[in-house]
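Colleague: Starting off with a structure, shown below.
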Amino acid sequence: MSERGLVRGVDLRAAVAINTIAMIGVGPLITVPLVLGALHGTLSLAGWIIGALLAMCDGLVWSELGALYPGSGGTYGYLRTIFGSTRAGSLLAFVFAWQTLFAAPLNQAVGYIGIANYTGYLFPAVSDSPWAIKALAVLFGGLTLLALYRRITTVARIGIGLAFAVLVTVGCVIAAAYAHFTPSLVTSLPPNDSVWNGLRMGLGQGLLIAIYDYLGYNAASSIGAEVIRPARTLPLSIVISVAIVAAIYLTLQVGILGAIPWASVIPQPDGSLPPMGQHIASAIVERSFGAPAATGVTVLIIVSAFASMYANLLAYSRIPFAAAAEGQFLRPFAHLHPKLRFPDISLLTIGLLALPAALLPLDTVFNALTTGMVLIQSVAQIVALGVVRARGIRSPYRMWLYPLPALVALGCWLFVFWSAGLGAISFGLLTLAIGAAVFLVRAAQARRWPFAARETAKNAAR
């Protein structure tokens, strides 16, 4: 998986920055009410702590595979290489690209809903109408798509600007939360509730949401061809970035618990958020520093979220395109705009699918987002590492205490998958099955694996 022309210029500091920026978006400012809804009061901290454990253990899987195959593309490249680009690896790579067509729109929808919710702080009439929030989310999705439907010459400054804006925003919210901190609120639980009962009922859903906010610890692994000394840099960058982000998230969550009664921000029985839950960060800043400061933070959140969704859609649109350009995916996705030279079919497909997804309740989007990708990315990579080890192939980096971290990650991912609920599980399995069926139809038409092997066997028998 070596790529000619790429320069190994990403050192440890840069790799930590890339991972950290990818992890700390506006996600926590959107998802905290959902975590509190699943894990009440102080129990919400368990979601962030176990999420950090899962990110750390799964990150070590990424580290070992990235050190062994330090190329670009991440999961797509690992699966193709380990399982064979002309055999099962081609199926897994195809299904991964296929599943991106469903996971990417759902991920975009989370951001669009979050932007709409925080816009409701600036325009209170929007917060009072669930359909106004949905319409605004779709509008932001359309604007993001339009912003990208053009020639892209450079996006180099987006990441730096986004990182600065998000860190300033989170810092302001943390400062506001601790400005009026009530320790007794941190340890409050509902009447007649217990720690064990709360964890039993809500840990799965809380972990599912929390791990969404940790995703990005693998960002540097996906550009392994440009990382200096990947065997050392990738593992250290993951450990350091997960530790930094976990500390920030726990500090933020404790501050929010001590700033406001958590029951006032959790989802309603119909899945909708109360006004304070829709823009929790703005409400906390207003309580401590006044309305002008809250307005400024809200604008910053909206700008940061829009920039994040812009960058994400840009990146997502390149996955099906790259696979199709290599002949590993549906041919139309390799199409480039004849004048502007960007992958228009891939961009339009993902961008347009995100619009109806933005109409769904936020927790439903999270559940559907997780199921398919858990199997084809997280679980598949852990199995791939087991295959590498069984073949006796030694990576320059070998995770500590193998196979314990890999088994912990596998167990947590399967728990998250199961906790998503029957509807989301069915959605994930159905989309994966359809992707596999499409691959087999294409393979049969082209007489490629697994049908090429059958043809060879028949000819030999004759």
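Values in this text are rule-based calculations from the coordinates and carry no lab data. The structure displayed is predicted, hence computed values, not measured ones. Don't worry about glycine lacking a Cβ; one is built from the backbone with ideal geometry, like all the others, and counts go over all protein chains shown.
Colleague: Multiply the residue gap between I228 and V438 by 0.36 nm, knock off their C-alpha separation, and tell me the result in nm, one decimal place.
Modeller: Working: separation 210, 0.36 × 210 = 75.60 nm, distance 3.86 nm.
That pair, I228 and V438, stretches by 71.7 nm at full extension.
Colleague: Test of understanding: what is the full-extension gain from R398 to R200, defined as 0.36 nm times their sequence separation minus their Cα-Cα distance? Write down the numbers at each step before the final one.
Modeller: Numbers: separation 198, 0.36 × 198 = 71.28 nm, distance 3.43 nm.
Value of the extension gain: 67.9 nm.
Colleague: Check every DSSP H run in the chain and write down those whose alpha carbon atoms cover 27 angstrom or more along the long axis and whose mean Kyte-Doolittle hydropathy is 0.5 or greater. All intermediate terms of the calculation are to be shown ahead of the outcome.
Modeller: Numbers: long enough: 44-68 (37 Å, 1.42); 89-122 (49 Å, 0.92); 130-148 (28 Å, 1.77); 156-179 (36 Å, 2.00); 230-259 (43 Å, 1.70); 291-325 (51 Å, 1.34); 422-446 (36 Å, 1.76).
Once both thresholds are applied, what remains is 44-68, 89-122, 130-148, 156-179, 230-259, 291-325, 422-446.
Colleague: While we're on this one: If I take R0 = 30 Å and measure r between the Cβ atoms of L189 and F289 in this structure, what FRET efficiency does the formula 1/(1 + (r/R0)^6) give, to the nearest 0.05? Write out the running numbers ahead of the final one.
Modeller: On the way: r = 30 Å, r/R0 = 0.98.
Plugging the Cβ-Cβ distance into 1/(1 + (r/R0)^6) gives 0.50.
Colleague: Modelled label-to-label distance, L359 and L250, 7 Å Cα→beta-carbon offset: nm?
Modeller: The modelled label-to-label distance comes out at 4.3 nm.
Colleague: I'd like the FRET efficiency for D270 and A125, computed as 1/(1 + (r/R0)^6) with the beta carbon distance as r and R0 of 30 Å, rounded to 0.05. Don't skip to the answer; put the middle values down first.
Modeller: Details: r = 20 Å, r/R0 = 0.65.
My answer for the efficiency is 0.95.
Colleague: Would you calculate a helix-derived [θ] at 222 nm for the chain, using -39,500 (n - 2.57) for each DSSP H run of n ≥ 4 and dividing by the full residue count, to the nearest 500?
Modeller: -24000 deg cm²/dmol, from helical runs alone.
Colleague: Once you charge only the Cβ atoms, +1 for Lys and Arg and -1 for Asp and Glu, what is the size of the charge dipole of the chain about its Cα centre, to the nearest 20 debye?
Modeller: On the way: 27 positive and 14 negative charges, 411 e Å.
Computed about the Cα centre, the dipole is about 1980 debye.
Colleague: Mean 1/r over all different Cα pairs, inverted: what Kirkwood radius does the stretch 43-139 give, in Å?
Modeller: On the way: mean 1/r = 0.0594 Å⁻¹.
Answer for the stretch 43-139: a Kirkwood hydrodynamic radius of 16.8 Å.
Colleague: Let me ask something additional. Hey, how many Å between the Cα centroid of the stretch 64-86 and the Cα centroid of the stretch 233-248?
Modeller: That distance is 22 Å.
Colleague: Evaluate the relative contact order of the stretch 292-430 (contact order divided by residue number), counting alpha-carbon pairs under 8 angstrom at least 6 apart; express in whole percent. Write out the running numbers ahead of the final one.
Modeller: Numbers: 85 pairs, mean separation 27.8, N = 139.
Answer for the stretch 292-430 is 20 percent.
Colleague: A further question follows. Let a ≥ b ≥ c be the square roots of the eigenvalues of the Cα gyration tensor of the stretch 270-361; is it rounded (a/c under 1.5), or, if not, prolate (a/b larger than b/c) or oblate?
Modeller: Details: a/c = 4.23, a/b = 2.45, b/c = 1.73.
Verdict is prolate for the stretch 270-361.
Colleague: Let me ask another. Modelled label-to-label distance, E326 and V387, 7 Å Cα→beta-carbon offset: nm?
Modeller: Reported label-point gap for E326 and V387 is 1.4 nm.
Colleague: Translational diffusion coefficient of the chain at 4 °C, 1.567 mPa s, Stokes-Einstein with Kirkwood Rh over Cα pairs, in µm²/s as a whole number.
Modeller: Numbers: Rh = 22.9 Å.
Here the translational diffusion coefficient equals 57 µm²/s.
Colleague: Okay, moving on. Fewest to most neighbouring Cβ within 10 Å: what's the order for H335, H279? Mind dumping the intermediate values first?
Modeller: Working: H335 15, H279 29.
Lowest to highest Cβ neighbour count: H335, H279.
Colleague: Next question. Which shape class, rounded, prolate or oblate, goes with the stretch 165-244 when its Cα gyration tensor gives a ≥ b ≥ c as root eigenvalues, a/c under 1.5 marks rounded, and past that a/b bigger than b/c marks prolate? Mind showing how you got there, number by number?
Modeller: On the way: a/c = 3.35, a/b = 1.71, b/c = 1.96.
In terms of gyration-tensor shape, oblate.
Colleague: Quick check: Cα centre of the stretch 376-391 to Cα centre of the stretch 282-336, how many Å?
Modeller: 30 Å
Colleague: Cut-off is 10 Å between beta-carbons; in what order do M23, M201 appear when sorted fewest neighbours first?
Modeller: Working: M23 24, M201 15.
Fewest-to-most Cβ neighbours within 10 Å comes out as M201, M23.
Colleague: Now for a separate question. When the gyration tensor of the stretch 228-296 is built from Cα positions, what are the square roots of 5 times its three eigenvalues, in whole Å, from largest to smallest? Walk me through the numbers on the way to the answer.
Modeller: Numbers: eigenvalues 231, 52, 26 Å².
For the stretch 228-296, the semi-axes come out at 34, 16, 11 Å.
Colleague: OK, next. Would you mind ranking D11, D363, D344 so that the residue whose beta carbon has the fewest other beta carbons within 10 Å leads the list? Walk me through the numbers on the way to the answer.
Modeller: On the way: D11 14, D363 21, D344 18.
By the 10 Å Cβ count, ascending, the order reads D11, D344, D363.
Colleague: Based on the alpha-carbon set only, what is the convex hull volume of the stretch 55-98 divided per residue, in Å³? Mind showing how you got there, number by number?
Modeller: On the way: hull volume 3.1 nm³, N = 44.
Roughly 71 Å³ of hull volume per residue.
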